[in-house]
1. Just for region 231-256: of the residues that are part of a strand (DSSP E or B) and more than 13 Å from the ligand (Cβ to nearest atom), which one is most open to solvent (accessible area, probe 1.4 Å)?
2. Could you list, in sequence order, the residues of region 226-261 that are closer than 15 Å to Glu320 by Cβ, touching a Phe, Trp or Tyr at 6+ places or on another chain (Cβ under 8 Å) and either aliphatic (A, V, I, L, M) or not assigned by TED's automatic domain parsing to the domain that holds Pro106 (or both)?
3. Please work out which one of (1) within 11 Å of the ligand (Cβ to nearest atom); (2) more than 26 Å from Gly267 (Cα to Cα); (3) of a type outside the set (Ser, Thr, Tyr) is the condition Val195 fails and give its number.
4. Hey, among Leu93, Leu123, which residue is within 16 Å of the ligand (Cβ to nearest atom), within 18 Å of Thr292 (Cβ to Cβ), at pLDDT 95 or above and surrounded by 20 or more Cβ atoms within 10 Å (Cβ to Cβ)?
5. So which residues in region 258-278 are crowded, with 24+ Cβ neighbours inside 10 Å, outside any strand (DSSP E or B) and within 12 Å of the ligand (Cβ to nearest atom)?
6. What residue, of Arg368, Arg362, Arg344, Arg399, is under 23 Å from Gly267 (Cβ atoms) and among the basic types (Lys, Arg)?
7. Can you name every residue in region 181-212 that is in a helix (DSSP H, G or I) and β-branched (Val, Ile, Thr)?
8. Could you please give the count of residues in region 378-392 that are under 22 Å from the mean Cα position of the chain (by Cα) and open to solvent by less than 10 Å² (accessible area, probe 1.4 Å)?
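The values are calculated or read from the model by the stated rules, or taken from the named source; none is laboratory data. A quick note: this is a predicted structure, and the numbers were derived from the prediction, not measured. All Cβ positions, even for glycine, are placed from backbone atoms using ideal geometry, and neighbour counts span all protein chains on display. Note: accessible area is taken over every heavy atom of the protein model, side chains too, but ligands, DNA and RNA are not part of it. Shrake-Rupley method; radii C 1.70, N 1.55, O 1.52, S 1.80 Å.
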Amino acid sequence: MTEAVHRRAHADLAERARRVLPGGATHASRTYDPRIYVARSSGSRKWLIDGTELIDYTMGHGALLLGHAHPAVVQAVQDQASRGTHYGAAHPLEVAWAEQIVSLVPSAEKVRFTASGTEAVMLALRVARAATGRDRIVKLWEHFHGWSDAVSPFLDADGRTRTPLGVPEALTALTTVIRTDNPADLEATLARGDVAAVIMEASGAHYGQLPLDPSFIDAARSACSANGTLLVFDEVVTGFRISPGGMQSVLGITPDISVLGKVMAGGLPSGAVAGRADLLELLATTIAHPGTFNANPLSAVAGIATLRLVADGVPQRRAEDYAVSLAAEWTAALASAGIEGTIRRLSSILHIFLGDPRAQARIANAMRAEGVDILNTSAFCSSVHTIADLELSVAAFARAIVVASTPE
Ligand SMILES: Cc1ncc(COP(=O)(O)O)c(C=O)c1O
């Protein structure tokens, strides 16, 4: 096939997509043009419908710490599919899966499964409101917790709280968004005594893109305890990736409730709320929480296989070692090209910052054109990326930063 034919195959699908999918897409971060369509993936690579091979750093939006189609996960899912995908009843897998989470995550005394991270955030906040009898939620500037109403208010450039279109303005009255540069703001807000929960990405916003000073988290922990407010860590991305016990293990700070997702289900859909037994027990008495796909057997077996493999911390260290090398090489490439920019790293996650905002906006497309897929400006490394991947990714980055920095 010629390159034009390759491009045509993607363009045809994009055209069909525009007729049936809003914006021709299924996720806000997959709307870039030229749109590409993936046919299969394995290990650190994915292949497009025209056979083009990409080194992948989107890694299932962070879910695939062990890489694509890990043999243990594939085997578990294949075996389970033939045994049934939904029993409409309790099953042993949900018990084993919860036991693993309790054994790994410091704050997890009990676990309730959901179908996604967004749902787990919704449930964590409902538990916090029920437990405290308070309605107000505090979230932090720029921190992302999925797309539910309660966590969608944000601060505009003038520091005013706004809600996105489609979310009632009345909700802004119940969600306070706090800047993270001054713990005293948080302390003053909690001192009013009406806050059910403070929810945060303990890594800092967008899985470490905007780091959070550990002293702020420490102060939040103390202020929550002092004011009867529950501390919720959203570990949807960081859980099991940063360490077997997540960000809370690394920080040595234990929240009352943790929100989990992504790695916990090995690339299949799931989320979970894990936390203090007395809080989670409200789900047995006063809080209704149905959900057709809670702890579905397919996600459970993928999760069990994954958590078994990541429990000793070896895959996390392998992914982190790789990320350390990649960060060093990408930093050197910026320096030798004389292009302003930095690479920030949280464990196995890299964040690219280019000085020129237009270059920053173009870098993902430029990288894809060089055979490397990143998620917006972030790269999720896995335990199966290889030296060959590293060399190719360095060469690709060296070319892509020049292309992205060149005025059109
Ligand atoms: C920190 C954080 N919380 C919650 C979510 C929402 O999870 P899900 O996409 O499974 O609904 C995400 C998704 O990327 C996330 O990054």
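1. Step one: of region 231-256, the residues part of a strand (DSSP E or B) are 231-234, 239, 243.
Within this subset, residues satisfying the condition of being more than 13 Å from the ligand (Cβ to nearest atom) are 231, 243.
Numbers: Leu231: 0, Ser243: 20 Å².
Result: Ser243.
2. Those that are closer than 15 Å to Glu320 by Cβ, touching a Phe, Trp or Tyr at 6+ places or on another chain (Cβ under 8 Å) and either aliphatic (A, V, I, L, M) or not assigned by TED's automatic domain parsing to the domain that holds Pro106 (or both): Val237, Met247.
3. (1)
4. Every option except Leu123 fails the conditions.
5. Going residue by residue through region 258-278, those that are crowded, with 24+ Cβ neighbours inside 10 Å are 258-267, 270-275.
Still in the running and outside any strand (DSSP E or B): 262-267, 270.
Passing the criteria: Lys262, Val263, Met264, Ala265, Gly267, Ser270.
6. Numbers: Arg362 fails: under 23 Å from Gly267 (Cβ atoms); Arg344 fails: under 23 Å from Gly267 (Cβ atoms); Arg399 fails: under 23 Å from Gly267 (Cβ atoms).
Just a single option satisfies the conditions, and that option is Arg368.
7. Taking region 181-212 as the starting set, the residues that turn out to be in a helix (DSSP H, G or I) are 183-191, 205-208.
Selection gives Thr189 alone.
8. Of the residues in region 378-392, 5 are under 22 Å from the mean Cα position of the chain (by Cα) and open to solvent by less than 10 Å² (accessible area, probe 1.4 Å).
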